[in-house]
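> What follows is a single structure, and I will ask about it in a moment.
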Amino acid sequence: MNRVYTIFSELLKLCPRYHFDKAVEQYQGDRYVKRFTTWQQFIAILYSQITQEDSLRDIVTGFSAHVTRWYHLGLTGIHKSTLSDANANRAYQIFEELFYHL
């Protein structure tokens, strides 16, 4: 059986999950989080960069169009308010650490 690797999955392979989780723990990025984790936020940010989406509504609409294809990444659906709150309240240092590691 052939395996199909998407460009998105190839880009995610470049981002070491171990170092990301270490930064999340250091800056307490998932403290008091029930559903939308920092890793899921990163996936949404990466998706918006790849597709060149400018607004939260465009990001959520793009995810909603293919919601069945995101389950393997742990995403079941994203709401605009949840993404907005995560972008406003999470520590940017987590993503900065990932950037410097890459």
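No lab work stands behind these numbers, since they all come straight from the coordinates. Because the structure is a prediction, the values reported are computed rather than measured. All Cβ positions, even for glycine, are placed from backbone atoms using ideal geometry, and neighbour counts span all protein chains on display.
> Suppose every Lys and Arg Cβ carries +1 and every Asp and Glu Cβ carries -1, with no other charges. What dipole size does segment 1-96 come out with about its Cα centre, to the nearest 20 debye?
Dipole size: approximately 300 debye.
> Counting alpha carbon pairs within less than 8 Å and at least 6 residues apart, what relative contact order, in whole percent, applies to segment 7-101?
Dividing the mean separation by the residue count of segment 7-101 yields 39 percent.
> In addition: Please list, ordered by chain and number, the residues whose modelled amide H lies under 5 Å from the amide H of H79; skip anything fewer than 5 residues away on the same chain.
Amide H neighbours of H79, under 5 Å, 5+ apart: none.
> Near V33, within a Cβ-to-Cβ distance under 13 Å, what is the net charge of the other residues, with Lys and Arg +1 and Asp and Glu -1?
+1
> For S55, project a label point 7 Å along Cα to C-beta. Then give me every residue of segment 78-102 with its amide nitrogen under 15 Å of that point.
80-81, 84
> Give me the net charge for the shell around L75: Cβ to Cβ below 11 angstrom, other residues only, Lys and Arg +1, Asp and Glu -1.
In short, +2.
> Going by Cα centres, segment 24-63 and segment 83-101 are how many Å apart?
Distance between centres, Cα-based: 9 Å.
> Given 5 Å bins starting at zero, what is the percent of C-alpha pairs of segment 7-101 in each, up to the one with the largest pair distance?
Result, from short to long distances: 2, 12, 25, 26, 21, 12, 1 percent.
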